[in-house]
1. Which pairs, out of Lys282/Lys347; Lys194/Lys218; Lys184/Lys271; Lys282/Lys348, put more than 30 Å between their alpha-carbon atoms?
2. Rounded to a whole number of µm²/s, how large is the Stokes-Einstein D of the chain at 20 °C and 1.002 mPa s, given Rh as the Kirkwood radius over C-alpha pairs?
3. Treat every Asp and Glu Cβ in the range 21-132 as -1 and every Lys and Arg Cβ as +1, leave all other atoms uncharged, and give the resulting dipole magnitude about the Cα centre to the nearest 20 debye.
4. For Thr60, Thr317, what's the largest-to-smallest order of accessible area, 1.4 Å probe?
5. Kindly report the accessible area of the chain per residue (heavy atoms of protein chains, probe 1.4 Å, no ligands, DNA or RNA), in Å².
6. Rounded to the nearest percent, how much of the accessible area of the chain (1.4 Å probe, protein heavy atoms only) is carbon and sulfur?
7. When a/c is below 1.5 the answer is rounded, else prolate if a/b is larger than b/c, else oblate, so apply that to the range 202-301 with a ≥ b ≥ c taken from the square roots of the Cα gyration tensor eigenvalues.
8. In whole Hz, what ³J(HN,Hα) sequence does the range 318-324 give by Karplus (6.51, -1.76, 1.60; θ = phi - 60°), x for Gly and Pro?
Amino acid sequence: MSSTALYKKLSGVELGVSQALVRQTASQLQLLIQKMAGEQPNPLPGYQHRIVDGTCLGATDHRLDAIRLFAAKALPGKAIVVSDPLSKLVIDIFPCVDAHAQERSLFDDVLLSVKANEVWNGDRNFCTAKFLFRIANQQAFFVVRQHGSLGYQQLSQLKAVGHTDTGNLFEQEIEINYDGNLLKSRRILLKLFKPTRDKEWEIAILTNLPSHDADAAKIAELYRNRWSLETLFQTVTENFHGEIQTLAYPKAALFSFSMALTTYNILATLKAALGSVHGVGKIDASLSDFYLVDEITGTYRGMMIAIPAVHWQAFETFSLEQMVLVLQDLAARVELKCFLKAIRGVKKKREPLIVDSKHRHVSTARLLDTHQNTQNKS
């Protein structure tokens, strides 16, 4: 098949195929991780956790006639992604070919996947009365940052309930109105010791979790863990090239992104296997995704030459229990020190740059000599 034929084929891949790819592979890998006991500790035993966030795919090359004459960046689409923080798998994706569409236009599809006893964790873009009500109606729970546009009625005054390492905690009871229906909720306010990168000093979080299961500090911790999905997006983009600039057709770009998410899930499964042998906390804290991916990509081609594909087909017949034994046996042989994260030192404050409008460039050799002479005199 020529590259042109392949490109045309990819441009016609339906969004349902991309979604099914992520869903079905994740469900199988999740069973494997659970069987290996490779999941993260559950911060709220008895509850299932979901982190939801939206992402917009990066701009592509202007290869199509329809966009060739436009100087503006061409965005091939966006998606809402759902992850399970215990298995660290992406378990669902809701792709959209219109990059200018509001994330909220996909909420109805997302809400259809909500199940009882799940805790949905999201940023303020997901803080709409409809989204919160629909979750509560499914006997599920939410931990969502408050959006400024959400109206509510105070049922109690804010009262101090403790602190975290980032700020002081306050809590009050509120009531949200949606189409004449009322929903009681807890409003957790974290007054920060230091502002966020957006210069905000307060973070308000809404939840319907009962206080006897999750106090204010636990709610703040759960919301803080939402950043794991942001880190996942960064890993997919940098290590798995999930956003390919030459894939300008929206459906092709979204299918490529779904493939990258599936590949990430395989990496998460490998790390779970290592965690089941060496300790989940140890692997999560010290192992580098970059070094693992670099090792796999560097070894794969030679491995496939040395071991023909026919020899890999035996794994297709393995039961879940057999796969667990194989993965854990291999995990026990891994030299972890080869894949440790590089620990960065304290970030030094940069001195102001010297700007000389009369000299647009400098001689590195002369500056080195000047710097060396200064060091010798001191």
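The values are calculated or read from the model by the stated rules, or taken from the named source; none is laboratory data. These figures come from a predicted structure and were not determined experimentally. Cβ atoms come from the backbone with ideal geometry, glycine included; neighbour counts cover every protein chain shown. Note: areas computed on protein heavy atoms with side chains; ligands, DNA, RNA excluded. Shrake-Rupley method; radii C 1.70, N 1.55, O 1.52, S 1.80 Å.
1. Long pairs (Cα-Cα over 30 Å): Lys184/Lys271.
2. Values: Rh = 24.1 Å.
It diffuses with D of about 89 µm²/s by this estimate.
3. Values: 12 positive and 12 negative charges, 14 e Å.
In total the dipole reaches around 60 debye.
4. Correct descending sequence by accessible area is Thr317, Thr60.
5. Numbers: 22700 Å² over 378 residues.
Accessible area per residue: 60 Å².
6. Details: 12360 of 22700 Å².
Percent of accessible area from carbon and sulfur atoms in the chain: 54.
7. oblate
8. Working through the residues one at a time gives 6, 7, 4, 5, 5, 5, 4 Hz.
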